[in-house]
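Input: a single structure, listed below in structure tokens.
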């Protein structure tokens, strides 16, 4: 068979050039080990499934796994490492990511947010921390638990922003409300959060009622572009949200934030950034997989573009810090928790959704570890303000919350 012969040639090449701990088992009983002691097994149930293994990339391999075209056995973190090695070694040269810009409008952005975040609160609760924080944690030591690291991250953001009692605090894309709850309860702020996810909105509203924080903490089901007023917030945070804005809309996004800031106000933008200076997707087909199955129409800007657009919108950047290693650890913890709760996750969201998030979380852990992408906290002040509320040094940032 022509396709099987092509596979045999590919396997021969990989055996000479790479030691990939993979076993391929074909429908006809044939098996091929690409290295001794394989850790991952891929079952190919029919000749037609071979097309996913010839000229492979992470989009093809991920699609075949998610759709059930290939049967895969092994720990998911090892599965992703093997898939990446297989795709990279099979390629004749490194495949760069695409450079694609999407059209964004309110409906498309709302649909994309609801696709990702309205899966099931029960599903997310199986692998997030107890406060349902779905963003990079902050590990002060290797021994920190995910729960502790997420609370440290909340405090790190609020401390960097110098949030004070009575100040008006806004969280753009507030998720399940952990940051606004922390700001109101521990820091005494009057906190507001906005989200486009109904599941997150209802969850956060319930948490506010349970904590007795009505009047000091509010969540809105609202697009950030529709927040009324000017100069109505002293401090603003945006955590894991601007990846959904779109490269062409970053200046308008930051301009909206500036308009909402009071004189002397500060903003913290905490978000994933591209490692490629030209804002290309992650290569080897990983970006295409994420766009199709995980974050429709997401776009990652390089840090240089973030800084330029913030400056263009009238925000003076005071500090930028990479938390890439922290996110690698965070995604690793999430991936392990999801795999440990496999049966409950499938019951909550279905087998296909479980496999999508398996690949996504393991891939992110691998990607952040290997510098495929980065994540930055960028602290800025409202340019042109009569006074600067920031201390002269960064010392204040590192006080424990």
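The values are calculated or read from the model by the stated rules, or taken from the named source; none is laboratory data. Since we're looking at a predicted model, the values are computed, not measured. Don't worry about glycine lacking a Cβ; one is built from the backbone with ideal geometry, like all the others, and counts go over all protein chains shown.
Values computed for the structure shown
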quantity	calculated
Answer from 159, 199 - the residue that is in contact (Cβ under 8 Å) with a residue 24 or more places away in the chain and over 22 Å from the mean Cα position of the chain (by Cα)	159
Answer from 303, 307, 315, 332 - the residue that is at pLDDT 95 or above, surrounded by 17 or more Cβ atoms within 10 Å (Cβ to Cβ) and closer than 21 Å to residue 175 by Cα	332
Restricting region 165-185 to residues that are in a loop (DSSP other than H, G, I, E, B) and in contact (Cβ under 8 Å) with a residue 40 or more places away in the chain, the residue that is farthest from residue 136 (Cα to Cα)	167
Residue count for region 321-352, restricted to those that are in contact with a strand residue (DSSP E or B) (Cβ under 7 Å, 6 or more places away or on another chain) and not in a helix (DSSP H, G or I)	3
Selection count where residues are more than 21 Å from the chain's Cα centre (by Cα) and either surrounded by fewer than 24 Cβ atoms within 10 Å (Cβ to Cβ) or over 9 Å from residue 213 (Cβ atoms) (or both), scope region 185-195	7
Test: residue in region 377-384 that is under 22 Å from residue 244 (Cβ atoms), under 13 Å from the mean Cα position of the chain (by Cα), touching a residue at least 24 places away in the same chain (Cβ under 8 Å) and surrounded by 16 or more Cβ atoms within 10 Å (Cβ to Cβ)	no
Subset of region 186-199 [assigned to a helix (DSSP H, G or I) and touching a helix residue (DSSP H, G or I) at 6+ places or on another chain (Cβ under 6 Å)]	199
Subset of region 201-251 (residues that are closer than 26 Å to residue 389 by Cα and part of a loop (DSSP other than H, G, I, E, B))	216, 227, 228, 229, 230, 231, 232, 240, 241
Options 239, 219: the member that is crowded, with 22+ Cβ neighbours inside 10 Å, over 20 Å from residue 314 (Cβ atoms), touching a residue at least 60 places away in the same chain (Cβ under 8 Å) and touching a helix residue (DSSP H, G or I) at 6+ places or on another chain (Cβ under 7 Å)	239
Residue within region 274-296 that is in the same structural domain as residue 188 (by TED's automatic domain parsing), at pLDDT 95 or above, closer than 14 Å to residue 373 by Cα and assigned to a helix (DSSP H, G or I) present	no
Hey, residue 203 in contact with a helix residue (DSSP H, G or I) (Cβ under 6 Å, 6 or more places away or on another chain) and surrounded by fewer than 22 Cβ atoms within 10 Å (Cβ to Cβ) or not	yes
Some residue of region 109-126 being modelled with pLDDT under 95, within 20 Å of residue 351 (Cα to Cα), in a loop (DSSP other than H, G, I, E, B) and not assigned by TED's automatic domain parsing to the domain that holds residue 347	no
Condition broken by residue 318, with the remaining ones in (1) touching a helix residue (DSSP H, G or I) at 6+ places or on another chain (Cβ under 9 Å); (2) not in a loop (DSSP other than H, G, I, E, B) satisfied	(1)
Residue in region 203-214 that is closer than 15 Å to residue 121 by Cβ, touching a strand residue (DSSP E or B) at 6+ places or on another chain (Cβ under 7 Å) and either at pLDDT 95 or above or not assigned by TED's automatic domain parsing to the domain that holds residue 272 (or both) present	yes
Residue under evaluation residue 343, criteria (1) in contact (Cβ under 8 Å) with a residue 24 or more places away in the chain; (2) surrounded by fewer than 18 Cβ atoms within 10 Å (Cβ to Cβ), criterion not met	(1)
When residues of region 359-401 are limited to those that are outside any loop (DSSP other than H, G, I, E, B), out of contact with any strand residue (DSSP E or B) (no Cβ under 6 Å at 6 or more places or on another chain) and more than 30 Å from residue 338 (Cα to Cα), the one modelled with the lowest pLDDT	398
Evaluation of residue 247 against (1) surrounded by fewer than 23 Cβ atoms within 10 Å (Cβ to Cβ); (2) under 17 Å from the mean Cα position of the chain (by Cα); (3) within 30 Å of residue 81 (Cβ to Cβ) (one fails), failing number	(3)
